[in-house]
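Asks: One structure follows; several queries about it will come next.
The values are calculated or read from the model by the stated rules, or taken from the named source; none is laboratory data. Predicted model, so just to flag it, every value in this text is computed and none were measured. So basically every Cβ, Gly included, is an ideal-geometry build from the backbone, and we count neighbours across all protein chains shown. These area figures cover heavy atoms from the full protein model, side chains too; ligands, DNA and RNA do not enter into them. Shrake-Rupley method; radii C 1.70, N 1.55, O 1.52, S 1.80 Å.
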Amino acid sequence: QQIRALEDTLGTVLFRRTARGLELTPEAEAGLEALRHGFLCFEDAVRAMQAGQSSKVLTIAAPRDLTARWLSAKLAALAEADPELRFHLIAADEPIDFTEANLDVAIRLMVDKGEHEGVPIGPPFFQRVARPGSETDRWIAWPGHAAPEPLLRVADAGLAIDAVAAGLGRALVPALLVERELAAGNLGSIGEPVDQGLRYWLFAPTPQWRQAKVKRLVEHLADPR
């Protein structure tokens, strides 16, 4: 049926049935070599695309403060397990274009993953922090928390945490960014965690998300340990 459909489409008889079976007609033989070459080119193209799936380079867009305070350590652990891995990190401060930047995945502080595939990263809450022993009640503001009448305004949560450590005031920041400082006693928590409706999301378009190297990265970064 497929042969008949092809012959109907081309308007040409491609095979003749004989006592020995099917034989190519002269019209079919005339195109055979070009078709064979075309299929070999197609096979080479498929292999080249599959080879890209085995690439050991991961291009990741992430906020600078998250990279410094959490992501770098996670990538170091992943690289230790697989020394062939290489990472290309891009600051995710501007709108992300997966096509232009040739990105594999991105991480942003967002309400949800949007139109892409994605998983949440880290705890879904913010934490108020201050330097241990500090009695100031002044606040440090950043784009994720517009504190009323702040002593200081900074560009991101990482700078807010640095200002807190310097004793300039308190800040409300993503809990993921202060896990190590709180555990080490370098910062103190104030009150209960707060739901700001924001959390870190690891996301990518479906084609990138299906890559084996991305699946491994997602599994590693989504692991709370």
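Asks: Gap in Å between the Cα centre of the stretch 147-194 and the Cα centre of the stretch 200-219?
Replies: With the stretch 200-219 and the stretch 147-194 each reduced to a Cα centre, they are spaced 30 Å.
Asks: At 222 nm, what value in deg cm²/dmol follows for the chain if DSSP H runs of at least 4 each add -39500 (n - 2.57) and the sum is divided by all its residues, to the nearest 500? Walk me through the numbers on the way to the answer.
Replies: Numbers: 8 runs with 81 residues, N = 225.
It lands at -10500 deg cm²/dmol.
Asks: For a quick check, take a GNM of the chain with Cα springs below 10 Å and name the residue from Glu27, Glu80, Glu149 with the largest mean-square fluctuation.
Replies: Evaluated over the chain, the most mobile residue of the options is Glu27.
Asks: Here's something else I'd like to know. Report, in degrees rounded to the nearest 10, the 0 to 90 angle that the Cα long axis of helix 212-222 makes with the longest principal axis of the chain.
Replies: Once rounded, the angle reads 20 degrees.
Asks: For the stretch 153-225, with only Lys/Arg (+1) and Asp/Glu (-1) charged at the beta-carbon, what is the dipole magnitude about the Cα centre, in debye rounded to 20?
Replies: Rounded to the nearest 20 debye, it is 380 debye.
Asks: In the stretch 82-225, carbon and sulfur make up what percent of the accessible area (probe 1.4 Å)?
Replies: Details: 3940 of 7910 Å².
Whole-percent figure for carbon plus sulfur exposure: 50.
Asks: Rounded if a/c is under 1.5, else prolate if a/b is larger than b/c, else oblate: which is the stretch 127-179, with a ≥ b ≥ c the root eigenvalues of its Cα gyration tensor? Walk me through the intermediate numbers first.
Replies: On the way: a/c = 1.59, a/b = 1.06, b/c = 1.50.
Oblate is the answer for the stretch 127-179, as a/c is 1.5 or above yet b/c matches or exceeds a/b.
Asks: Here's another thing I want to ask about it. Sequence neighbours fewer than 8 away in the same chain don't count; with that in mind, list the lysines whose C-alpha is under 24 Å from Lys56.
Replies: Of all the lysines, those that pass the test against Lys56 - Cα under 24 Å, at least 8 places apart if same chain - are Lys74, Lys213, Lys215.
Asks: Can you tell me the relative contact order of the chain? Whole percent, Cα pairs under 8 Å, sequence separation 6 or more.
Replies: Computed value for the chain: 23 percent relative contact order.
Asks: Just the number please: accessible area per residue for the stretch 1-151, 1.4 Å probe, all protein chains included, in Å².
Replies: Roughly 66 Å² per residue, with all protein chains present.
Asks: Hey, rough spin-label estimate for Arg16 and Ala76, points 7 angstrom out along Cα→Cβ, what's it come to in nanometres?
Replies: If labels sit at Arg16 and Ala76, their model points lie 7.6 nm apart.
Asks: For the chain, give the magnitude of the charge dipole about the Cα centre (Cβ charges: +1 Lys/Arg, -1 Asp/Glu; no others), in debye to the nearest 20.
Replies: Roughly 440 debye, rounded to the nearest 20.
Asks: Considering only Ile140, Trp209, Ala184, whose Cα is most displaced toward the positive end of the charge dipole of the chain, charges sitting on Cβ of Lys, Arg (+1) and Asp, Glu (-1)?
Replies: Highest projection toward the positive end goes to Ala184.
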